[in-house]
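K.L.:
One structure, pasted below without further comment.
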Amino acid sequence: AAVEVEAEKVVAELREGCATPASLLRDVAAAMAGEMGAGLEKEGGSRVKMLLSYVDKLPTGREEGLFYGLDLGGTNFRVLKVHLGGSKKHVVNSESREVSIPPHLMSGTSSELFGFIAGELGKFVAEEEGTDMPNGKKKELGFTFSFPVRQRSVASGTLVKWTKAFSIDDAVGEDVVAELQTAMVKQGLDMHVAALINDAVGTLAGAIYYDEDVVAGVIFGTGTNAAYVEKANAIPKWEGELPNSGDMVINMEWGNFYSSDLPIYEKLTSGMYLGEIVRRVLLKLSLQSGIFSSIDNSKLKTCFHLRTPHISAMHHDETPDLKIVAEKLHQILEIKDTSLETRKMVVEICDIVARRAARLAAAGIAGILMKLGRNGGIDNPRSVIAIDGGLFEHYTKFRECLESTLGELLGEEASKSVAVKHANDGSGIGAALIAASQSR
Ligand code: ADP
Ligand code: MG
């Protein structure tokens with residue numbers, strides 16, 4: 001029984017440390033809104049970068065013609081084309097292909113990588129029928145590139161650094177659009193890169209195309225980020241000419257947000273880290289209480305060994321004896337012969353970690369609504385938040401908790417005018433849609 005008492009102590013401490021009462025979430029939302037303002041004020045003025053995307057024309061749904069998209073973010077990239085049929089028909093047809101990038105190209109040279117990408121794009125275009133553009137117009141391409149870039153226009157951006165599995169030194173500091181354009185010319189591919197965006201901006205574009213009340217695009221995937229539409233005259237740090245539309249999409253880069261109540265936001269709210277947090281708790285549980293009898297902890301000691309899809313599977317286990325939890329503990333962590341009580345404890349740990357993530361995710365969104373003045377009161381214009389990413393898409397309890405917490409934070413009245421929706425595949429189609437809207 002001493003073992004159980006010790007174990008319960010670890011869980012109780014976690015429960016307390018991860019508590020997110022509404023009062024704390026309201027502080028987080030207010031701090032997020034405050035950082036947003038500070039980031040718009042001056043470059044480097046806040047923890048959220050609030051980068052200008054230079055996207056000043058979002059798709060309206062009236063675009064017509066054939067447009068291409070390229071999505072490079074992880075180990076795969078995707079090429080796609082969409083045929084837009086105007087306001088009545090919208091997307092008449094779309095086709096896409098996923099291509100995995102040979103690992104050696106991820107640490108080779110810039111011209112090898114972009115040569116490969118342009119080559120695959122060329123093949124895709126050539127295999128499609130009826131791709132001749134009417135009256136000799138150039139093919140327009142939107143490029144979703146989910147790495148940090150510094151932009152000075154909608155169709156250019158210098159790479160700040162690589163992240164994830166990529167490290168191609170000679171590309172750092174270079175304009176990735178120019179690199180791609182050069183590679184396409186070498187392939188004899190007659191295409192024009194109309195826009196360089198990231199996945200949050202793409203999600204916003206993909207959703208606003210169908211629904212003009214969409215105000216923000218948010219990603220909860222491996223990482224997290226958000227983009228929203230700001231009034232151009234509310235961006236003091238912007239020195240250039242104001243766009244005709246009066247709007248500017250801001251790429252928040254909110255993963256780096258933190259506050260006195262909170263360490264770095266992305267580490268608490270994104271798929272890359274939730275499994276790892278649970279692993280650390282389970283290791284502590286094991287060392288402190290010895291509840292997982294007779295294991296050597298070697299798997300439990302391996303960083304990032306337990307992944308978010310694993311904790312999601314355990315968290316959603318509805319079998320009466322928690323068979324899936326037993327299976328995952330055994331297969332992934334080599335923890336055998338757990339009691340039902342212990343398995344319930346593991347589920348509770350997943351719940352504590354995922355619930356905190358979802359509630360903080362809702363607080364971030366409430367922060368955006370606060371900045372837009374749409375977080376309270378009555379008779380607000382309808383506001384839709386478009387969300388994409390594997391964590392939101394597949395982790396049902398995360399998603400449900402996010403949605404209910406947003407309701408809790410906004411209150412009954414303001415909730416009526418706010419909707420959250422899953423925007424599938426924004427990073428691909430959004431790029432093509434922005435190519436269409438920018439080239440109009
Ligand atoms: P990316 O963010 O890399 O572009 P995705 O949006 O597809 O990719 O998100 C992938 C992430 O989603 C994974 O790293 C993982 O953390 C999370 N994820 C994927 N599947 C699940 C799942 N079944 N349950 C919980 N999280 C998942
Ligand atoms: Mg993605």
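The values are calculated or read from the model by the stated rules, or taken from the named source; none is laboratory data. Worth saying up front: this structure is predicted, and the values here are computed from it rather than measured. Cβ: placed from backbone, ideal geometry, glycine included. Neighbour counts: every protein chain shown.
K.L.:
Enumerate the pairs (first residue in the range 164-191 and under 11 Å from L113 (Cβ atoms) and in the same structural domain as V149 (by TED's automatic domain parsing); second residue anywhere and part of a loop (DSSP other than H, G, I, E, B) and aliphatic (A, V, I, L, M)) with beta-carbon separation below 9 Å, excluding pairs fewer than 6 apart on the same chain, so at least 6 apart or on different chains.
P.N.:
Between residues of the range 164-191 that are under 11 Å from L113 (Cβ atoms) and in the same structural domain as V149 (by TED's automatic domain parsing) and residues that are part of a loop (DSSP other than H, G, I, E, B) and aliphatic (A, V, I, L, M), the close pairs are F166/I101; A183/L189.
K.L.:
Sticking with this one: Kindly provide the set of residues from the range 302-337 that are exposed (fewer than 14 other Cβ atoms within 10 Å of the Cβ) and of a type in the set (D, E, K, R), ordered by number.
P.N.:
Restricting attention to the range 302-337, the residues satisfying the condition of being exposed (fewer than 14 other Cβ atoms within 10 Å of the Cβ) are 302-304, 318-321, 323, 330-331, 336-337.
Of everything in the range 302-337, those that are exposed (fewer than 14 other Cβ atoms within 10 Å of the Cβ) and of a type in the set (D, E, K, R) turn out to be E318, D321, K323, K336, D337.
K.L.:
Among the residues of the range 269-276, are any in a helix (DSSP H, G or I), surrounded by fewer than 20 Cβ atoms within 10 Å (Cβ to Cβ), within 16 Å of ligand 2 (Cβ to nearest atom) and not charged (D, E, K, R)? So that I can check it myself, show each step before the final result.
P.N.:
Restricting attention to the range 269-276, the residues satisfying the condition of being in a helix (DSSP H, G or I) are 269, 271-276.
Next cut, surrounded by fewer than 20 Cβ atoms within 10 Å (Cβ to Cβ) only: 272, 276.
Checking which are within 16 Å of ligand 2 (Cβ to nearest atom) leaves us with 272.
Now narrow it down to the ones that are not charged (D, E, K, R): 272.
Checked the range 269-276: at least one residue is in a helix (DSSP H, G or I), surrounded by fewer than 20 Cβ atoms within 10 Å (Cβ to Cβ), within 16 Å of ligand 2 (Cβ to nearest atom) and not charged (D, E, K, R).
K.L.:
Related question: Considering the range 409-440 alone, what residues qualify as being in contact with a His (Cβ under 9 Å, 6 or more places away or on another chain) and outside any loop (DSSP other than H, G, I, E, B)? Please lay out each step first, then the result.
P.N.:
Within the range 409-440, the first condition is being in contact with a His (Cβ under 9 Å, 6 or more places away or on another chain), and the residues that meet it are 435, 439.
The one that is in contact with a His (Cβ under 9 Å, 6 or more places away or on another chain) and outside any loop (DSSP other than H, G, I, E, B): A435.
K.L.:
Of the conditions (1) surrounded by fewer than 16 Cβ atoms within 10 Å (Cβ to Cβ); (2) within 16 Å of ligand 2 (Cβ to nearest atom), P381 clears all except one; give me its number.
P.N.:
Unmet for P381, out of (1) surrounded by fewer than 16 Cβ atoms within 10 Å (Cβ to Cβ); (2) within 16 Å of ligand 2 (Cβ to nearest atom): (2).
K.L.:
Could you tell me which of the residues I197, I168, I208 is of a type in the set (A, V, I, L, M, F, W, C) and within 16 Å of ligand 2 (Cβ to nearest atom)?
P.N.:
Details: I168 fails: within 16 Å of ligand 2 (Cβ to nearest atom); I208 fails: within 16 Å of ligand 2 (Cβ to nearest atom).
Sole residue among the options that is of a type in the set (A, V, I, L, M, F, W, C) and within 16 Å of ligand 2 (Cβ to nearest atom): I197.
K.L.:
Of these, G377, G426, G367, which one is touching a Gly at 6+ places or on another chain (Cβ under 7 Å), in contact (Cβ under 8 Å) with a residue 24 or more places away in the chain and not hydrophobic (A, V, I, L, M, F, W, C)?
P.N.:
Numbers: G377 fails: touching a Gly at 6+ places or on another chain (Cβ under 7 Å); G367 fails: touching a Gly at 6+ places or on another chain (Cβ under 7 Å).
Among G377, G426, G367, only G426 is touching a Gly at 6+ places or on another chain (Cβ under 7 Å), in contact (Cβ under 8 Å) with a residue 24 or more places away in the chain and not hydrophobic (A, V, I, L, M, F, W, C).
K.L.:
Same structure again: Across the range 412-431, what is the total count of residues that are more than 18 Å from the chain's Cα centre (by Cα) and either surrounded by 24 or more Cβ atoms within 10 Å (Cβ to Cβ) or over 21 Å from Y228 (Cβ atoms) (or both)?
P.N.:
Of the residues in that region, 2 qualify.
K.L.:
Another question about this same structure. Just one of F398, F392 is more than 27 Å from G65 (Cα to Cα), within 16 Å of ligand 2 (Cβ to nearest atom) and of a type in the set (A, V, I, L, M, F, W, C); which is it? Walk me through how you get there before you give the answer.
P.N.:
Numbers: F398 fails: within 16 Å of ligand 2 (Cβ to nearest atom).
Criteria check complete, one pass: F392.
K.L.:
Still on this model: May I ask you to list pairs of residues, at least six apart or on different chains, whose Cβ atoms are under 6 Å apart, with the first in the range 1-26 being in contact (Cβ under 8 Å) with a residue 24 or more places away in the chain and under 13 Å from V281 (Cα atoms) and the second being assigned to a helix (DSSP H, G or I) and among the small types (G, A, S)?
P.N.:
These pairs meet every condition: A7/S289.
K.L.:
Only one of these conditions is not met by S260: (1) within 24 Å of T20 (Cα to Cα); (2) away from ligand 1 (no atom under 13 Å from the Cβ); (3) at pLDDT 95 or above. Which number is it?
P.N.:
S260 satisfies all of (1) within 24 Å of T20 (Cα to Cα); (2) away from ligand 1 (no atom under 13 Å from the Cβ); (3) at pLDDT 95 or above except (3).
K.L.:
Determine the pairs where a residue that is within 13 Å of L333 (Cβ to Cβ) and free of Cβ contacts under 8 Å to residues at least 12 places away in the same chain, located within the range 292-309, has a partner that is assigned to a loop (DSSP other than H, G, I, E, B) and within 14 Å of ligand 1 (Cβ to nearest atom) with Cβ atoms under 6 Å apart, the partner being 6 or more residues away or on another chain.
P.N.:
Within 6 Å, no pair qualifies.
K.L.:
Also: How many of the residues making up the range 366-381 are in a helix (DSSP H, G or I) and touching a helix residue (DSSP H, G or I) at 6+ places or on another chain (Cβ under 6 Å)?
P.N.:
First pass over the range 366-381, keeping only residues in a helix (DSSP H, G or I): 366-371.
The next check asks that each one be touching a helix residue (DSSP H, G or I) at 6+ places or on another chain (Cβ under 6 Å); those that pass are 366-367, 370-371.
Number of matching residues: 4.
K.L.:
Among strands (runs of 3 or more DSSP E) lying entirely in the range 159-256, which contain 1 or more residues that are among the hydroxyl-bearing types (S, T, Y) and within 29 Å of A362 (Cα to Cα)?
P.N.:
Details: elements: 191-197, 214-220, 224-231, 247-251.
Fully inside the range 159-256 and qualifying: 224-231.
K.L.:
Does at least one position in the range 385-406 carry a residue that is out of contact with any Lys or Arg (no Cβ under 9 Å at 6 or more places or on another chain), under 18 Å from T224 (Cα atoms) and assigned to a loop (DSSP other than H, G, I, E, B)?
P.N.:
First pass over the range 385-406, keeping only residues out of contact with any Lys or Arg (no Cβ under 9 Å at 6 or more places or on another chain): 388-390, 394-396, 399-400, 403-404, 406.
From what is left, the residues that are under 18 Å from T224 (Cα atoms) are 388-390, 394-396, 399-400, 403, 406.
Of the ones still in play, those that are also assigned to a loop (DSSP other than H, G, I, E, B) are 389, 395.
Yes, because at least one residue in the range 385-406 is out of contact with any Lys or Arg (no Cβ under 9 Å at 6 or more places or on another chain), under 18 Å from T224 (Cα atoms) and assigned to a loop (DSSP other than H, G, I, E, B).
Residue-by-condition table, conditions (1) in contact with a strand residue (DSSP E or B) (Cβ under 7 Å, 6 or more places away or on another chain); (2) within 22 Å of L300 (Cβ to Cβ); (3) within 16 Å of ligand 1 (Cβ to nearest atom):
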| residue | (1), (2), (3) |
| --- | --- |
| A326 | no, yes, no |
| V353 | no, yes, yes |
| K371 | no, no, no |
| R374 | yes, no, no |
| L391 | yes, no, yes |
| S404 | no, no, no |
| L410 | yes, no, no |
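K.L.:
Report the residue count in the range 169-186 for those that are buried (at least 18 other Cβ atoms within 10 Å of the Cβ) and either more than 26 Å from the chain's Cα centre (by Cα) or over 28 Å from V249 (Cα atoms) (or both).
P.N.:
Initial filter on the range 169-186 (buried (at least 18 other Cβ atoms within 10 Å of the Cβ)): 171, 175-177, 179-181, 183-184.
Checking which are either more than 26 Å from the chain's Cα centre (by Cα) or over 28 Å from V249 (Cα atoms) (or both) leaves us with 181, 183-184.
Adding up the residues that qualify gives 3.
K.L.:
Give the residue, chosen from G115, G119, G74, that is assigned by TED's automatic domain parsing to the domain that holds G188 and in a loop (DSSP other than H, G, I, E, B).
P.N.:
When all the criteria are applied, what remains is G74.
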